[in-house]
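One structure below.
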Amino acid sequence: MRTRPLGPSALDVSVICLGTMTFGWTTDEAQSFAVMNEALDRGVNFFDTANMYSRWSTDSHAGKTEEIMGRWFAQDPSRRARVILASKVRGQMSDRADDQGLSARHIREQIDASLRRLQTDHLDLYQSHWWDADAPVDETLRAFEDIVRSGKARAIGCSNFDAAQLQTSLDASKRLGVASYASLQPHYNLLQRSAFERATRAVITTNGLGVIPYSPLAGGFLTGKYSRGAAPPAGTRGEQSQRIKTYLADERAFDVIDAAAAIAKSRGATTAQIALSWVIDAPAITSAIVGANTVAQLREVLPAAELSLSTEERRRLDEASAWSA
């Protein structure tokens, strides 16, 4: 699988990153192991998780995803050297008011907790999950500097920061002379373009950062399994996700699917592969984060890593999704 350098870091990552948010939630441990095995065997060297996964599940807890991954690494210690491992911090870990955020105390506590759960001595990329207006930026970045200096993380990044928040952080790192964010993890796909393209991408390109968007298939909507005027298939996110319900009610979203499906038919590919390929080779993108509940789901999308859209195909998709830009 193709790889690319992640911004100014020393990390060289596959153009598809395995997202693990469902592990311990809709993907049990055995299936999670199978998905990680398949990803690694197929050249995916980049895995992304977070300290709070999967807190939202009634029969799970924050940190469970990392625990599952840790047991997978322990099963075969040679795997760790083959994986560029990323995690995130900020999410609420318990009902304690101070057990969340980007304070120095929470960052330092959580890097150690993540390392224990993942059964490793370091992360390759440690990321701020969300902006924290209550934590001074200088305090946050000094804590990350300590983590990088200690060898607990090779590089740092951020997720869900807007252009102003990202620029503020980069300026603070430069002023303080401390570790700087090497990457951004934004929400970006054919139906969700404006937040990244209108302002954030300019900050990224000016500063040479890597970009690892999540939800490149719009929560599964861009796989082509939803149809105009039809109820969501049983067992899909469309039954519960408000975002999917919004897309289902928008004819323009189906115009995007139609464009991707037409290209897919002409290329002998799937709608999901076309939509994912558009993200992977979009300007400034380094790697797209893809989740999978099953090995079959992962196998369906992986060919997108080697699928190169023509200028005309990209134009058709850009025009169909222009309303979201």
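Every number in this text was worked out from the coordinates using simple rules, so none of it is lab data. The shown structure was predicted, so the numbers you read here are calculated from the model rather than taken from an experiment. With ideal geometry, Cβ positions are generated from the backbone for all residues, glycine too; neighbour counts draw on all protein chains shown.
Of the residues 244, 68, 289, the one that moves most in a GNM of the chain with alpha-carbon contacts below 10 Å is 244.
Classify the stretch 34-135: rounded, prolate or oblate, from the alpha-carbon gyration tensor (a ≥ b ≥ c, eigenvalue square roots; a/c under 1.5 rounded; otherwise prolate if a/b is larger than b/c)?
Prolate.
Using only the Cα atoms of the chain, build the gyration tensor, take square roots of its eigenvalues as a ≥ b ≥ c, and label the shape rounded, prolate or oblate: rounded if a/c is under 1.5, else prolate if a/b is larger than b/c, else oblate. Judged from the Cα gyration tensor, the chain comes out prolate (a/c at least 1.5, a/b above b/c).
The order of 129, 61, going from fewest to most other C-beta atoms within 10 Å of their C-beta, is 61, 129.
Each Lys or Arg adds one and each Asp or Glu takes one away; over the other residues whose Cβ falls under 11 Å from the Cβ of residue 186, this sums to 0.
The simple spin-label model puts a point 7 Å past each Cα toward its Cβ; for residue 262 and residue 4 those points are separated by 2.7 nm.
Taking a ≥ b ≥ c as the square roots of the Cα gyration tensor eigenvalues, the stretch 264-325 comes out prolate, since a/c reaches at least 1.5 and a/b is larger than b/c. With the cut-off at under 16 Å, measuring from each backbone N in the stretch 293-325 to a point 7 Å along the Cα-to-Cβ line of residue 228 picks out 320-321.
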